[in-house]
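*Asks:* Got a structure for you, written out below as structure tokens; questions coming shortly.
The values are calculated or read from the model by the stated rules, or taken from the named source; none is laboratory data. Computed from a prediction, not measured in an experiment: that's the story for all the values here. With ideal geometry, Cβ positions are generated from the backbone for all residues, glycine too; neighbour counts draw on all protein chains shown. Quick note on the areas: whole protein, heavy atoms, side chains included, nothing else; ligands and nucleic acids left out. Shrake-Rupley method; radii C 1.70, N 1.55, O 1.52, S 1.80 Å.
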Amino acid sequence: MVSLAPADYDAIRLSAKVAVAATVVSLPFALACAYLVTFVRFRGKMVLEVLVNLPLTLPPVVVGYLLLLLLGKEGWLASLLRPLGITVIFTWKAAVLASAVVGFPLLVRSIRIGMDAVDRQLINASRTLGASWYDTLFTVILPLSMRGIIAGSSLMFARSLGEFGATVIVAGNIPGITQTIPLAIYDYASSPASEKLALSLCLVSVAISVLVLFFHEYLSVRLARRD
């Protein structure tokens, strides 16, 4: 039987909030990056691809530490945000940023696969008929890339739910404020008396991930039928 403490419900709510925010915030940038590497020829394209995929190969703790350097008291990004009254470090916004950076390569890769599959003849026909590039983007490329966008968003959401290494460095592990499901499980796992609570949160995490994957498969099937 699943047994949860009040703080666990906060961790579940915060995990969902962070995952949704990270996915929504990352999506416009991921669409722009995927469009650039798929359809635009420019110098430095390889450098952009390496930078986009870099978080995929770096340990999440390294990503978190680099973010800490940027957002810490002496960080240049913190110095830009401080006059605006924006504090990111050790808040839930830091957890969003950490999840967004770590999951960004998965989102871009999936969208790029979707854009690669778009028939170039349809794009050329659209441009030949006088459509501007943004008309072609919104009426041809994005609708035909929808499966990749949905797949990437699902992966990004699921990856954000499980993010641990970068989050604990840049957001800390503060119950009710920055403690997500993985961080709460980590706390429980360090105490033998909390084994049941750790197992309950693991089951909740598995259930949410399964629901996300089912939702992803359902949408993929619906879109495949429309094609």
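*Asks:* Take the residues of the range 106-130 that are of a type in the set (A, V, I, L, M, F, W, C) and outside any helix (DSSP H, G or I): which is farthest from Ala158 (Cα to Cα)?
*Replies:* Taking the candidates together, the pick is Leu129.
*Asks:* Something else: Given the condition open to solvent by 40 Å² or more (accessible area, probe 1.4 Å), without any contact (Cβ under 8 Å) to a residue 40 or more places away in the chain and of a type in the set (Lys, Arg), answer yes or no: does some residue in the range 127-136 qualify?
*Replies:* yes
*Asks:* Mind checking which pairs have a first residue in the range 206-227 that is closer than 29 Å to Val140 by Cβ and a second that is assigned to a helix (DSSP H, G or I) and open to solvent by 50 Å² or more (accessible area, probe 1.4 Å), Cβ under 8 Å, 6 or more apart or different chains?
*Replies:* Final answer for the pair search is Ser220/Arg147; Leu223/Met146; Leu223/Arg147; Ala224/Arg147.
*Asks:* Moving to a separate point now. What about Ser154, is it under 19 Å from Arg13 (Cβ atoms), touching a helix residue (DSSP H, G or I) at 6+ places or on another chain (Cβ under 7 Å), part of a helix (DSSP H, G or I) and of a type in the set (Ser, Thr, Tyr)?
*Replies:* Values: under 19 Å from Arg13 (Cβ atoms): no; touching a helix residue (DSSP H, G or I) at 6+ places or on another chain (Cβ under 7 Å): yes; part of a helix (DSSP H, G or I): yes; of a type in the set (Ser, Thr, Tyr): yes.
Spelling it out, it is not the case that Ser154 is under 19 Å from Arg13 (Cβ atoms), touching a helix residue (DSSP H, G or I) at 6+ places or on another chain (Cβ under 7 Å), part of a helix (DSSP H, G or I) and of a type in the set (Ser, Thr, Tyr).
*Asks:* Condition check: closer than 19 Å to Gly165 by Cβ and either in contact with a strand residue (DSSP E or B) (Cβ under 9 Å, 6 or more places away or on another chain) or among the aromatic types (Phe, Trp, Tyr) (or both). Does Trp76 satisfy that? Give the steps one after another, and end with the answer.
*Replies:* Numbers: closer than 19 Å to Gly165 by Cβ: no; either in contact with a strand residue (DSSP E or B) (Cβ under 9 Å, 6 or more places away or on another chain) or among the aromatic types (Phe, Trp, Tyr) (or both): yes.
Against the criterion (closer than 19 Å to Gly165 by Cβ and either in contact with a strand residue (DSSP E or B) (Cβ under 9 Å, 6 or more places away or on another chain) or among the aromatic types (Phe, Trp, Tyr) (or both)), Trp76 does not qualify.
Listed here are the residues, each with its yes/no results for (1) over 24 Å from Ile12 (Cβ atoms); (2) open to solvent by 30 Å² or more (accessible area, probe 1.4 Å).
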position	(1), (2)
Ala117	yes, yes
Val140	yes, no
Leu144	yes, yes
Ile149	yes, no
Ile169	no, yes
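*Asks:* Let me ask something else. Taking the range 36-45 as the search range and keeping residues that are in a helix (DSSP H, G or I) and open to solvent by 50 Å² or more (accessible area, probe 1.4 Å), which one is modelled with the lowest pLDDT?
*Replies:* Only one residue fits best here, namely Lys45.
*Asks:* Tell me the residue from Phe104, Phe90 that is open to solvent by 80 Å² or more (accessible area, probe 1.4 Å) and either under 24 Å from Lys17 (Cα atoms) or free of Cβ contacts under 8 Å to residues at least 24 places away in the same chain (or both), please.
*Replies:* After ruling out the rest, the residue left standing is Phe90.
*Asks:* Suppose the filter is crowded, with 18+ Cβ neighbours inside 10 Å, under 21 Å from the mean Cα position of the chain (by Cα) and closer than 22 Å to Trp92 by Cβ; does Arg159 pass it?
*Replies:* Yes, satisfied.
*Asks:* With respect to Gly103, is the statement that it is outside any loop (DSSP other than H, G, I, E, B) and touching a Gly at 6+ places or on another chain (Cβ under 8 Å) true?
*Replies:* Judged against the criteria, Gly103 is not a match.
*Asks:* Taking the residues in the range 174-227 that are acidic (Asp, Glu) and surrounded by 11 or more Cβ atoms within 10 Å (Cβ to Cβ) as candidates, determine which candidate is farthest from Ala16 (Cα to Cα).
*Replies:* Looking at residues that are acidic (Asp, Glu) and surrounded by 11 or more Cβ atoms within 10 Å (Cβ to Cβ), I get Glu195.
*Asks:* Pull out all pairs, ordered by first then second residue, where Cβ-Cβ is under 6 Å, the residues are six or more apart or on different chains, the first lies in the range 148-167 and is of a type in the set (S, T, N, Q), and the second is open to solvent by 30 Å² or more (accessible area, probe 1.4 Å) and at pLDDT below 90.
*Replies:* Short answer, once both residue conditions are applied: Ser154/His216.
*Asks:* OK, next. Answer with yes or no whether Val61 is open to solvent by less than 40 Å² (accessible area, probe 1.4 Å), out of contact with any strand residue (DSSP E or B) (no Cβ under 9 Å at 6 or more places or on another chain) and closer than 21 Å to Glu163 by Cα.
*Replies:* Criteria not met by Val61.
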